[in-house]
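Notes for the one structure printed next.
The values are calculated or read from the model by the stated rules, or taken from the named source; none is laboratory data. Just so you know, these numbers come straight off a predicted model, no measurement behind them. As a convention, Cβ positions derive from the backbone with ideal geometry for all residues, glycine included, and neighbour counts pool all protein chains shown.
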Amino acid sequence: MTLARSLLDKGSRHVAAVASDEVFPLHFIDRSASLRNPVHVSTWYFNDVLDGDKLHQSLDHLLHLGDWKKLGGRFRLDKNGKLEIHVPEQFTSDRPSIHYSHKSLPMRAAEHPLAGKIPKASSRPSFHPAAEEFLLPLTTRPGMPHNMEDYLSSDEPLLSLRVVVFLDATIVSLAWPHAVMDAMGMATVIQAWSLAIAGMENEILTIDGVRDDLLYQATLKPAAEKFALEPYMLIGFRFYLLILRFICDILFGGRRENRIIYLPQKSVQKLHSQAMCEINLHKNEPLKISRGDAILALFSRSLVLAQKRPLLVVVPMDLRSRLRDIFLPSMSYPQNAIQGGHFTVNADETTTKSIGHLALAFRQNIIQQGGRQQLLAMLRCNRELSDSGGDPATLYGPSNAVIMSATNLNKANLLSIPNFSPAVVGARCSEEATGSPGIPSFFNTSHSKIAWRRGNVLMNLGIDQDGGHWISGSFNIRTWKYVEESLKDL
């Protein structure tokens with residue numbers, strides 16, 4: 001009988017608590033319904049042979065340092081049915097800090113029927129099938145958790161590391177539950193892991209905020225401003241109307257395709273320059289649009305042209321960089337610390353506004369909603385909803401809108417932060433390999449299972465060492481046609 005089975009409560013599929021475990025709470029943002037179930041698989045492709053055991057040992061070592069051990073815990077429910085994390089008193093072979101699996105294949109990556117499909121950088125904008133549609137058999141393992149119920153009914157640790165080694169390349173995948181941290185939080189783990197591999201333990205930042213809910217505490221103080229979007233909160237009938245339309249869009253909105261796009265640096269520069277010219281902005285003026293703003297505007301415009309309805313763009317905003325008095329730069333915060341920025345694009349704006357003007361509108365909204373007082377006001381609204389039994393990840397906008405989730409991971413630097421060069425074994429075998437040894441050439445993140453149907457999703461995955469942008473998206477065919485048309489001259 002396995003340890004997990006011996007821990008099962010009679011009459012329950014959930015694993016019982018171990019009395020000696022140390023208990024860590026989840027925070028109020030973690031309890032959002034949209035964060036509870038997703039298990040993400042973040043995957044990096046290296047043009048190097050890496051020592052998988054060294055990667056595992058260094059990550060395991062990190063989770064033995066102070067409160068980093070929280071990430072080696074297990075999900076449990078308290079007596080009131082609320083999620084919490086239970087960390088073993090000692091990590092053992094029966095109850096390890098992470099689940100590690102390793103596979104060595106005696107072939108080059110390009111010869112493998114799945115790994116050979118991993119997209120490569122190109123000199124022109126290029127479209128590729130979504131990586132999860134062919135990579136998941138390589139990057140996941142049988143029996144791994146795919147949702148919260150899987151975690152609660154097993155003694156699985158929160159993190160799963162899988163390393164697949166070819167003769168000339170390595171695929172490294174880390175599976176992690178969204179209920180514990182967001183992508184920026186995961187980036188802090190990768191940064192600390194890279195330092196651990198290099199033996200630079202003294203430079204690893206101390207983890208903070210694992211016991212105290214820093215954001216909850218911040219919302220208990222009187223708000224200096226009212227949240228500007230509070231009148232547009234989608235609750236009650238308006239929320240159910242939005243969800244009904246969302247379901248109809250999924251079911252009857254036409255065939256959807258998940259794709260990855262590579263935009264070389266020169267194409268992104270051209271798009272950005274055109275957008276800047278359209279709004280007559282110059283580099284010496286205080287208000288600028290970013291390249292990410294221009295990319296977001298291009299996809300938003302394409303979606304509205306295809307759907308001919310208002311668009312509600314929801315952009316996760318990282319709070320670590322915006323609330324510096326709460327999240328100290330000298331500490332590490334692998335947790336959920338995001339709030340959604342909400343931007344509405346009316347259907348008629350696609351005919352009256354250029355990509356540049358839409359990008360400027362996005363930037364102005366980010367500046368307004370991302371200011372300290374507005375963030376605290378939004379957090380206060382969402383915390384009060386959570387206290388009353390509601391969902392702290394509320395939407396704000398028109399109930400007849402098409403929804404697009406747009407995440408920009410460029411700040412997370414997930415194509416440059418991983419530095420696994422101390423784990424490189426031997427010299428490179430591939431003449432086509434570019435970039436520095438131990439630095440990935442491709443990154444992707446997805447759910448651990450392919451969703452039957454997805455909404456409209458845009459994700460800037462990151463910028464490679466040549467300045468090219470990797471982007472993933474899920475849209476219907478009509479929207480992709482507008483995207484292709486917009487990119488053809490870049």
- Task: Could you check, for the stretch 365-372, whether at least one of its residues is in contact (Cβ under 8 Å) with a residue 24 or more places away in the chain, more than 26 Å from Thr188 (Cα to Cα) and either outside the structural domain of Thr206 (by TED's automatic domain parsing) or among the polar types (S, T, N, Q) (or both)?
- Result: yes
- Please verify whether the stretch 12-24 includes one or more residues that are at pLDDT 95 or above and closer than 30 Å to Arg380 by Cβ. yes
- Ala361: surrounded by 21 or more Cβ atoms within 10 Å (Cβ to Cβ) and assigned to a helix (DSSP H, G or I), yes or no? no
- Query: Looking at Ile403, is it farther than 22 Å from Gly185 by Cβ and at pLDDT 90 or above?
  - Reply: yes
- Would you check if there is a residue in the stretch 131-148 being on the phi > 0 side of the Ramachandran plot and either modelled with pLDDT under 95 or in contact with a Leu (Cβ under 9 Å, 6 or more places away or on another chain) (or both)? yes
- Item | Some residue of the stretch 276-289 being closer than 25 Å to Asn476 by Cα and part of a helix (DSSP H, G or I) | no
- Message: I want to confirm something. Restricting to the stretch 312-329 and keeping residues that are under 16 Å from the mean Cα position of the chain (by Cα) and farther than 15 Å from Asn460 by Cα, which single residue is surrounded by the fewest Cβ atoms within 10 Å (Cβ to Cβ)?
- Response: Arg320
